[in-house]
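The values are calculated or read from the model by the stated rules, or taken from the named source; none is laboratory data. In this text, all values refer to a predicted model and were calculated from it rather than measured experimentally. Glycine gets a Cβ as well: all are built from the backbone with ideal geometry, and neighbour counts include every protein chain shown.
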Amino acid sequence: MKNRNQRPGTPRTRTRTLKRPTAPPLRSTRPPAADLHIHTTHSDGVCSPCEVVIAAANIGLSALAITDHDTLSAQTVARPEATRLGLELVGGIELTAEFEGREVHILGHFVRDDEPALVAATATLRRDRVQRLKGMVDRLADLGLSVDLTVLGRAFPRATLGRRHLAEWLVRTGQVAGHREAFTRYLGDDGPAHVPKPRLAAGLAIALIQGAGGVAGLAHPPYDLRELTLRGLVDAGLGSLEVAGHGIDARRGQRLRDWADRHQLVPIAGSDFHAGDRPGRWIGSITTPGADLERLRERAASVPLPPAGGSGSPSDREASAEGRCLAASDEIDRIERTLAEG
Ligand SMILES: [Zn+2]
Ligand SMILES: [Zn+2]
């Protein structure tokens with residue numbers, strides 16, 4: 001809430017001389033650092049993939065990962081820009097999952113964006129999210145509020161629309177006073193218009209990420225996370241853990257680091273950037289040091305990979321991935337049935 005640039009007691013003369021810092025030159029001399037948790041317009045962020053790449057380059061990061069919710073579509077858009085600016089784009093995703101009855105977010109790093117099983121699972125999740133959105137719009141209609149999904153879709157053409165977009169609509173059309181009211185009265189977890197988000201079983205989310213050659217990590221660990229729960233995720237194949245981020249104070253960060261050490265998880269961090277209006281969560285505000293990025297890369301390299309893009313035809317790659325697709329498809333069918341019934 002507080003603007004830390006304007007602490008009480010700061011002399012006025014000093015405030016007057018403050019200038020917006022100019023961006024450091026590209027490829028700055030800062031030690032390598034990576035922001036491994038960034039959202040774009042392809043999920044619920046406000047900046048395009050190219051914009052986040054440019055921002056990351058301008059502040060001197062050596063690498064970034066775009067980790068949009070349940071979609072890989074930003075990767076192909078961002079990659080040429082990252083290459084042009086000499087920045088490493090780590091293939092990323094953030095999968096919505098469930099573990100022990102609670103929603104957890106599983107990050108994937110160094111994932112290939114053409115792995116059929118992961119691509120299919122994200123397509124299913126996104127389709128189910130559309131159904132969820134329609135369900136919430138119907139509930140809002142029952143409560144006397146209207147949402148024009150066609151217009152909303154035009155306003156956010158690439159986004160996976162969700163509660164945040166609905167709230168934005170309600171505010172912009174004057175049906176609620178602000179976002180807070182949209183959530184407290186209608187769209188909050190216990191609100192009358194809320195429909196739960198489709199989720200993958202955490203074990204499946206981890207398996208899909210590993211199947212795409214990536215390392216699965218737990219994003220923004222819940223405040224009350226128990227080590228036993230973390231252990232369950234490690235047993236399912238978790239390879240990394242966010243140890244710093246918005247809302248993680250130094251003491252908790254240390255505990256998470258201790259747990260990461262104990263369970264051989266690579267400690268990672270990122271800003272979870274969505275929009276410029278969330279202080280402390282701007283691109284590059286929280287980063288993973290270069291040494292940990294290298295550990296993450298090594299961990300990814302140790303995941304058994306299907307034949308790489310250069311060797312074998314696309315059909316060969318599909319055939320090699322078939323086993324994983326089949327394994328995943330049973331679980332996806334089950335989720336589809338559950339959602340259709342629900
Ligand atoms: Zn998340
Ligand atoms: Zn996120």
message = Checking the structure you have, find out if any residue of segment 206-218 is at pLDDT below 95 and surrounded by 13 or more Cβ atoms within 10 Å (Cβ to Cβ).
response = no
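This table checks each residue for (1) assigned by TED's automatic domain parsing to the domain that holds D68; (2) away from ligand 2 (no atom under 16 Å from the Cβ); (3) not charged (D, E, K, R).
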{"site": "H194", "(1), (2), (3)": "no, yes, yes"}
{"site": "P221", "(1), (2), (3)": "yes, no, yes"}
{"site": "L228", "(1), (2), (3)": "yes, yes, yes"}
{"site": "E242", "(1), (2), (3)": "yes, no, no"}
{"site": "H246", "(1), (2), (3)": "yes, no, yes"}
{"site": "D249", "(1), (2), (3)": "yes, yes, no"}
{"site": "G253", "(1), (2), (3)": "yes, yes, yes"}
{"site": "L256", "(1), (2), (3)": "yes, yes, yes"}
key: Any hit, segment 98-110, residues being under 15 Å from the mean Cα position of the chain (by Cα), buried (at least 23 other Cβ atoms within 10 Å of the Cβ) and in a helix (DSSP H, G or I)   = no
request  = Find all pairs meeting these conditions: Cβ atoms under 6 angstrom apart; at least six residues apart or on different chains; first residue within segment 188-214 and closer than 18 Å to D128 by Cα; second residue aromatic (F, W, Y) and not in a loop (DSSP other than H, G, I, E, B).
outcome  = A193/Y186; A202/F99
ask   = Among the helices (runs of 4 or more DSSP H) confined wholly to segment 155-266, which include 3 or more residues that are within 30 Å of G290 (Cβ to Cβ) and among the basic types (K, R)?
value = 250-262
Looking only at segment 45-90, and only at residues there that are within 14 Å of ligand 2 (Cβ to nearest atom) and part of a helix (DSSP H, G or I), the one that is surrounded by the most Cβ atoms within 10 Å (Cβ to Cβ) = A74
request  = Scan segment 76-102 and report the pairs whose first residue is assigned by TED's automatic domain parsing to the domain that holds D114 and among the β-branched types (V, I, T) and whose second residue is within 16 Å of ligand 1 (Cβ to nearest atom) and not in a loop (DSSP other than H, G, I, E, B), with Cβ atoms within less than 6 Å and a gap of 6+ or a chain change.
outcome  = V90/A65; V90/H109; I93/G108
